[in-house]
Amino acid sequence: SRRRHTRYISVTGVQTCALPIWGDENKYPPVKKIQKKPALALERKDTAQTHLNIGVRSYGAGHRDYYALSLLSILLGGSASSRLFAALREKRGLVYSVHSSNISYRDTGNLYVAAGCAHGKTVKVLKTILSEMNKLKEKNVRSAEFKRVKNALRSSLRSEERGVGKEG
């Protein structure tokens, strides 16, 4: 689909790439379904560990809180100093891996947490993830933690900026 217009957004002092804002020419209808209760999907496979994903609906790419949500995702599980990494791996030794990410489309998005753990630790991992997500909902982020996350994002954006066009 062609871009009607483009806007540039500066986050934490580093210019990001152009973000296309789609107009009526997009052939897909907007998402209108509202999830009113939790849903669960299980898939059983013969694997050495359990892989779990927990997701919640989030904002589309043009939403005014898109970048705030990106910071929240980094704080939750976007680095080795994130809340989930500290709670699940460093403190409790429950997971082999854990991360969070936000994926946004034109009109909707998905904030998710993914983790890999031993089969017998799945319930503890799930409870810890939900607990950390609730803490973010109920308590303000400390200033020092917010500053650390902004610096991590700034560093990541600068690394990406330096790497653009240097492949091949």
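The values are calculated or read from the model by the stated rules, or taken from the named source; none is laboratory data. All values derive from a computational prediction rather than experimental measurement. Remember, those area values only see protein heavy atoms, side chains included, never the ligands or the DNA or RNA. Shrake-Rupley method; radii C 1.70, N 1.55, O 1.52, S 1.80 Å.
A few points about this structure:
- Pairs over the 20 Å Cα-Cα cut-off, from the set Lys91/Lys121; Lys91/Lys124; Lys37/Lys127; Lys91/Lys135; Lys124/Lys150; Lys37/Lys137: Lys124/Lys150.
- Accessible area per residue in Å² at 1.4 Å probe, computed on the stretch 24-140: 68
- Surface share of carbon and sulfur [accessible, 1.4 angstrom probe, percent] for the stretch 26-138: 54
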